[in-house]
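A quick write-up on the structure given underneath.
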Amino acid sequence: MRNSNAHCAAAPARITALIAALAASCAMPQMAWAQPNPAEDEPTDNITVTGERASNDPTLTEGRDSYAPAAVNVGKAAQALREIPQSVTVMTRARIEDQNLLTVEDVVQQMTGVTVDRAWLSSTYTSRGLTITNYRLDGGASSQTSTTTGDLDTAIFDSIALVRGADGLFGAGEAGGVINFTRKRALADPQARAAMTFGSWDHARIDADVTGALTKDGNLRARAIGVYDMSNSFQDYKSDDRWLAHGSIEYNPAPDTLLLAGYTHQSDRHEAFNVSLPRYRSGEDIGFPRSTNTGAPWNWIERDIDIAYGRVEQAIGNKWTVRLNANYSRSNDKTNAAEMENAVDPIDRSGIDWWYYQSAAKVRELTLDFNTTGSFQAFGQKQEVVLGMDYTRNKTDNRSLWTYYGPGDVFDPVYPPQVAYPPAWDQGGYQGRTDIERLGFYGSLRIRPIAALSLIGGGRLVVKDRSEGSNLATGAVTSLIDQKTKFVPYVATVLDLTKAVSLYASYSEIYQSQANYMSGPRPGTPLAPVTGTNYEAGLKGELMGGKLTGSLAVYRVRKQGAFAVDPSNPPAGSTDNCCYVRDGSLRSQGFEAEINGEILPGWQLSLGYTYNDNENRRDNDATFAEITPKHLFKLFTDYRFREGSLKGLSIGGGVTAQSSNFRSGYVQELNPVSGLYDGPYYLYQFRMPGYAVWSLRAEYEVSEQFSVSANLNNVFDKTYYVTIGSPGYGNFYGDPRNFLVSLRGKF
C-alpha cells in the first residue's frame, strides 16, 4: 500500500524542485540535475512525426489524462515545449473536460495571462496587453478571422494552444500571440463517447463522438461528432441555441503517407442578446442587477459556420517530411436588434438613446500552407530546417444599418417595436466588401554547434499583402492598398543548462497587416500595417519525462500604429470593419511563470502568474490605459484517487484572481442635427477593482463505461465585470454562481 504522507510531501517537493531548477540554472549552469528516477526524467527532445496515425502523434492529448502535452505543433512540426523559444500554454483535452469548458471563450479565459473582451457574439482576447488577432487550425496558415474559429464548439478540438509574443516567421506578426486549434483525429481503435449535460439557467446539452477503422488493416479511419446545446441566461430574456456536425476521414495509402479530410458545420441562434451595460458619464458604475439586459427582448443573431479542410503529409526517407495544409471557411451572420447606447447623466439620468441595428455579414476565407521540415548532420550534431509558403484569401461582405429611434430610460425601459428584416440596405445603410490577399515565404535553420546549444535564424518574406475595398451596391473600388515586399527577421537561441532545463532568448520584428480594418469616414481606407519589435527570454524545465513542465519568461514589446476604435465613427457591431484609427505607440513589458502537469500520480496542476506593465500613447499623447491588469493569477488542480475506498473519485478546484483595471478616454455625445456621435467631448476615467473567482469540481467513475461529474463555478457568487469598456458601451458582468452536471459514457 502506498504511503500517502510521503506522496503529499513529494508533491510540493517536485514543484519546488522544478522552480528551483529554473531559478538556479542561470546562476549555476554547471550543477547537475537531481534525478531520483533517471528514466522518468528523460528529456523529450528530438520528436519526429511523419505521416503517422493519430495514435502515434505526440502532439495529440486525447486519452493521456494530463495537463501537460508531450509535444506541440506550433512551428510546422512536433516539438517539445522546452525546444520552443517562446512562451506557450496548451489546454489539453483532459483539462477541457475536467473543467467542462464548452466554448472557446471558456478555454481561453483559463490560459495564463489572457483576459477577455466580451462583445455581442464574438469575443476578443488580450495577452501581454495586446489583442490576439491571429488564429490557426492544425498549425496551418494564420487567419485574422475569429468568426470561423473563435466561436466553434470545443467538442471537435483535441487541444487549444496559445503562443505568446510575435510569431512573424509564420505570418502572425502581432505580439499578442497566436491561438492554434488542434482538431481531434480519426483513430484506428473503435471508440464511442456520449455525454449529457444539465446546468443553471435551463442549460441542456448532448454530444456524441464516434471513431474507428473502416478497414481491417486500420489504414482507413473516420470520426463523427455531433452536438446540440441550448440554454437560457442570467440576463433577462436571453437564450442561446447551438448545433454542430463534424466529420473527418484519414487514409494511409503507404506507411509514410497521410491523406486527411474533414468538414464542420455549426449553427448558432442567440435570442435577446445583451449589448452591454452603460455607466455614468464619469465612468462610475451604476450598479445594475446582473440580470439587466439593455437589448430588446426580440433581438436575435444567427450565425452559420462551415469549414472544409484537408491535409497531405509525405515522409521522404526518415529525415524529411512534406506537408500541405488547406482550410476553406465561410460564415454568415445576420442581426436584427434594438439597443441602448451612450452613457448616463448622473444628475437627471438622461443620455440613453434607442437605436435599431440590422446587419448581414458574409466571410469567405481560404488558407494554404505548404512546407517541408527535415534535418541533416553537421558538426556531429543534428541540424534542422523549416521551409515553406502560405497563402490567405479573404472576402468579407458587410451590410449594416443604424436607425435612430429616440431617447430611452435604462432604469425603466420601454422597448421599440420589432422591425422587419432584411431592411432596405440602400436607405442610409453601409454596404462594403473587403478583399484581402496575402502570400509569404518563410524559412528557419536550427544549428547546433554543440549538443547543448541551438542557434535559430530565419525570416519571412512578405511577397503580397493586398487589400481592396469596394461598394457592394455599385461595385466601385473605394480603397486599395498593395504593400511592398517586406522581410521580417527572426533570431533565437536555446541553451540546455541541464538535461531538464533550458535557457532561451528570441527577437522578432512585428509586421502585422491590418488592412481588414478601415479608417473613417466611411466607406473607409485600409489601415497600414503594425510595426515594432518583440524581445523575450526565459527558462523552461520538465520532470518525469515531460509529465510536469514549467517556464519563466520576461518580455518587452514596442509597436507603432495598432488599430483602435475611432470614437468619431465607431464600428456598427462585431462584424463591422469600420471605423478605426492607427493609435500611436504601445509599450508592454512583464514577467510570466507557469507550471502544468502531474505532480503526483493522479494529481494534475495548472498554475500561471503574469505581471504586465503597459501603456498606450496616442498620437496626440492623450491618455494612459492599463489594457491588461498588472497582476493575473490562474490556478486549477484535480486529484484522482487510484486505489482504496475512494478509487474512481476525483476532486478539484481553482481560482482566477486579478488586480484592478483602469480605463480613461473621451466620448462624444450624440449630435441631434447630424444623427452621429460627433457632438461635444466629455472625459471619463474609472477603475475596476481586483477580484477573485473560485471554482470546484467532482467526478465519480460509476463503472468502466460511465462517469458523472459536477462543476460549480463562481463558488462565492462574486459580482464583477469580465469586460469593461467606456461609459456608453462594452461593460459586461461575469457569470454569477452556476453549475454543470454531466453524465458521460464511453464504449
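For the range 4-746, taking the reciprocal of the average inverse distance between every pair of different Cα atoms yields a Kirkwood hydrodynamic radius of 26.8 Å. Taking the average, over residues, of other Cβ atoms within 10 Å as the packing measure, peptides 68-74, 152-158, 630-636 rank 68-74, 152-158, 630-636 from highest down.
The packing ranking, built from the mean of other Cβ atoms within 10 Å per residue, places the peptides 296-302, 161-167, 644-650 in the order 161-167, 296-302, 644-650, highest first.
Sorting the segments 174-185, 655-666 by their residues' average number of neighbouring beta-carbon atoms within 10 angstrom, most packed first, yields 174-185, 655-666. Derived scalar couplings between HN and Hα for the range 600-607 equal 8, x, x, 10, 9, 9, 10, 9 Hz in order, rounded to whole Hz, by the Karplus curve 6.51 cos²θ - 1.76 cosθ + 1.60 (θ = phi - 60°), x for Gly and Pro. 3J(HN,Hα) along the range 85-94: x, 8, 6, 9, 10, 10, 8, 7, 4, 4 Hz, from the Karplus curve 6.51 cos²θ - 1.76 cosθ + 1.60 with θ = phi - 60°, whole Hz, x for Gly and Pro. Calculate log10 I(q)/I(0) of the range 406-510 for q = 0.16, 0.18 Å⁻¹, where I(q) comes from the Debye formula with a single equal point scatterer on each Cα and nothing for solvent. Values, matching the q order: -0.87, -0.98. As an exercise, find the ratio Rg/Rh for the range 235-371 from alpha-carbon atoms, using the Kirkwood inverse-distance average for Rh. Rg/Rh for the range 235-371 comes to 1.25. Rounded to a whole number of µm²/s, how large is the Stokes-Einstein D of the range 75-167 at 25 °C and 0.890 mPa s, given Rh as the Kirkwood radius over C-alpha pairs? Translational diffusion coefficient: 177 µm²/s.
Read-outs: derived from the displayed coordinates by stated rules, not from any lab. None of these values were measured; they are calculated from a predicted model. Because the Cβ atoms are built from the backbone with ideal geometry, glycine has one as well, and the counts that use them run over all protein chains shown.
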